[in-house]
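What follows is a single structure, written as structure tokens, with notes after it.
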Amino acid sequence: MIRLGVNIDHVATVRQARRTIEPDPVHAAVLAILGGADGITVHLREDRRHIQDRDVRLLREMTPIRLNLEMATDDAIVDIACTVKPDEATLVPERREELTTEGGLDIIAHRDAVAKAMKRLKDAGIAVSLFIDPDRRQIEMARELGADAIEIQTARYSEARPGADRQKQLDILLESSALAVQLGLHLHMGHGLTYTNVRPISRIPGLEELNIGHSIVSRAVLVGMERAVREMKAILAEEANNTA
Ligand code: PXP
């Protein structure tokens, strides 16, 4: 079955709104694990708007499941990753003024910076995933650079209106996924996925992991993290049974 990586950044967003100690993303991770999360994902941004260095260190200690660190290619963040040693690092683009990660990392334009960060991470024993657009040239470049995995960004699918627009975006994701699988890349997806739009994505052949944050944390605020994760896992299990 597809792994569910739960992105808990926005638990830290609530904490940082008051610069206090609660809610603690480490507690959220424990509850997400109890709810069946297969991995915990956090984005240590250069502006530290939500996740802090201490969170990443403690999560590494407390998380017996996969820890995926989303990060820019910046040297100082790579230093932290090499010390903390998450199971996987996902390289993402970052702009200070953005609300959230917008679009994939252009690994053709930023080839040298990506290659440099990848080498350091891989030398430290960390698997590297590249968060990219569903674009043939980007996927081929990921292969050329020696990425272990790619995370194809699903933002355009998530933002498309149900119907023909969404189907078009789904077709693009299907085509890109087939190429990734053909090139031997592990295939992950994420961004903007919710309880209502995740089903068609979860049926994509070859998909191994989804990273979902905002929707799960939003639901967790109302029903609790453990239940919110369990409900998402139930959807993925249902779809896996239907396609088996
Ligand atoms: N994957 C990546 C690479 C991301 O940057 C994000 C957002 O931090 C997500 C997945 C999760 O997106 P969302 O919060 O919209 O589920």
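Which residue pairs have Cβ atoms under 8 Å apart, sit 6 or more places apart or on different chains, and have a first residue in the range 175-194 that is within 27 Å of residue 9 (Cα to Cα) and a second that is of a type in the set (D, E, K, R) and away from the ligand (no atom under 16 Å from the Cβ)?
Between residues of the range 175-194 that are within 27 Å of residue 9 (Cα to Cα) and residues that are of a type in the set (D, E, K, R) and away from the ligand (no atom under 16 Å from the Cβ), the close pairs are 185/143.
If the requirement is being closer than 21 Å to residue 189 by Cβ, in contact with a Ser or Thr (Cβ under 8 Å, 6 or more places away or on another chain) and not acidic (Asp, Glu), which of these qualifies: 139, 132, 126, 108?
On the way: 132 fails: in contact with a Ser or Thr (Cβ under 8 Å, 6 or more places away or on another chain); 126 fails: in contact with a Ser or Thr (Cβ under 8 Å, 6 or more places away or on another chain); 108 fails: in contact with a Ser or Thr (Cβ under 8 Å, 6 or more places away or on another chain).
Exactly one residue qualifies, and that residue is 139.
For every residue, the table says whether it meets (1) more than 16 Å from the chain's Cα centre (by Cα); (2) open to solvent by less than 30 Å² (accessible area, probe 1.4 Å); (3) within 20 Å of residue 214 (Cβ to Cβ).
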{"site": "49", "(1), (2), (3)": "yes, no, yes"}
{"site": "54", "(1), (2), (3)": "yes, no, no"}
{"site": "57", "(1), (2), (3)": "yes, no, no"}
{"site": "61", "(1), (2), (3)": "yes, no, no"}
{"site": "69", "(1), (2), (3)": "no, yes, yes"}
{"site": "75", "(1), (2), (3)": "yes, no, no"}
{"site": "78", "(1), (2), (3)": "yes, yes, no"}
{"site": "84", "(1), (2), (3)": "yes, yes, no"}
{"site": "89", "(1), (2), (3)": "no, yes, no"}
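Can you say whether residue 46 is without any contact (Cβ under 8 Å) to a residue 60 or more places away in the chain, closer than 21 Å to residue 226 by Cβ and either in contact with a His (Cβ under 8 Å, 6 or more places away or on another chain) or of a type in the set (D, E, K, R) (or both), as far as the supplied structure shows?
no
Identify, from the list 27, 10, the residue that is open to solvent by 20 Å² or more (accessible area, probe 1.4 Å), away from the ligand (no atom under 14 Å from the Cβ) and not in a loop (DSSP other than H, G, I, E, B). Write out each step before concluding.
Details: 10 fails: away from the ligand (no atom under 14 Å from the Cβ).
Result of the check over 27, 10: 27.
Which condition from (1) more than 23 Å from residue 153 (Cα to Cα); (2) among the polar types (S, T, N, Q); (3) open to solvent by 30 Å² or more (accessible area, probe 1.4 Å) is the one that residue 16 breaks?
(3)
Considering only residues of the range 125-165 that are open to solvent by 80 Å² or more (accessible area, probe 1.4 Å) and within 14 Å of the ligand (Cβ to nearest atom), which is farthest from residue 81 (Cα to Cα)?
Once the filter is applied, the top-ranked residue is 159.
Of the residues that make up the range 7-15, is at least one under 16 Å from residue 227 (Cα atoms) and aliphatic (A, V, I, L, M)?
Residues of the range 7-15 that are under 16 Å from residue 227 (Cα atoms), as a first pass: 7-8, 11.
Keeping just the survivors that are aliphatic (A, V, I, L, M) gives 8, 11.
Yes, there is a match, as at least one residue in the range 7-15 is under 16 Å from residue 227 (Cα atoms) and aliphatic (A, V, I, L, M).
Could you please let me know if residue 18 is over 26 Å from residue 236 (Cβ atoms), at pLDDT 95 or above, away from the ligand (no atom under 16 Å from the Cβ) and in a helix (DSSP H, G or I)? Write out each step before concluding.
Details: over 26 Å from residue 236 (Cβ atoms): yes; at pLDDT 95 or above: yes; away from the ligand (no atom under 16 Å from the Cβ): yes; in a helix (DSSP H, G or I): no.
For residue 18, the condition - over 26 Å from residue 236 (Cβ atoms), at pLDDT 95 or above, away from the ligand (no atom under 16 Å from the Cβ) and in a helix (DSSP H, G or I) - is not met.
Being away from the ligand (no atom under 15 Å from the Cβ) and either at pLDDT below 95 or within 17 Å of residue 192 (Cα to Cα) (or both) is true for just one of 122, 168. Which residue is that? Explain how you work it out, then say what you get.
Values: 122 fails: either at pLDDT below 95 or within 17 Å of residue 192 (Cα to Cα) (or both).
Only one candidate qualifies: 168.
Could you tell me which residue of the range 219-230 is nearest to the ligand (Cβ to nearest atom), considering only residues that are open to solvent by 50 Å² or more (accessible area, probe 1.4 Å) and not β-branched (Val, Ile, Thr)?
219
Based on what the data block shows, is residue 214 open to solvent by 20 Å² or more (accessible area, probe 1.4 Å), within 11 Å of the ligand (Cβ to nearest atom) and in contact (Cβ under 8 Å) with a residue 12 or more places away in the chain? Even if it seems obvious, please write down each step before you answer.
On the way: open to solvent by 20 Å² or more (accessible area, probe 1.4 Å): yes; within 11 Å of the ligand (Cβ to nearest atom): yes; in contact (Cβ under 8 Å) with a residue 12 or more places away in the chain: yes.
Yes; evaluated as a whole, the condition is true for this residue.
Can you pull out every residue in the range 182-211 that is in a loop (DSSP other than H, G, I, E, B), touching a helix residue (DSSP H, G or I) at 6+ places or on another chain (Cβ under 8 Å) and open to solvent by 20 Å² or more (accessible area, probe 1.4 Å)? I'd like the intermediate steps shown before the answer.
Taking the range 182-211 as the starting set, the residues that turn out to be in a loop (DSSP other than H, G, I, E, B) are 183-185, 191-197, 203-206.
Subset that is touching a helix residue (DSSP H, G or I) at 6+ places or on another chain (Cβ under 8 Å): 183-185, 191-195, 197, 203-206.
Within the range 182-211, 183, 184, 191, 192, 194, 195, 203, 205, 206 meet the criteria.
The values are calculated or read from the model by the stated rules, or taken from the named source; none is laboratory data. Keep in mind it's a predicted model, so treat the numbers as computed, not measured. Counting neighbours? That spans all protein chains shown, and the Cβs are built from the backbone with ideal geometry, glycine included. Just so you know, the surface numbers come from the protein's heavy atoms only, side chains and all, with ligands and any DNA or RNA stripped out. Shrake-Rupley method; radii C 1.70, N 1.55, O 1.52, S 1.80 Å.
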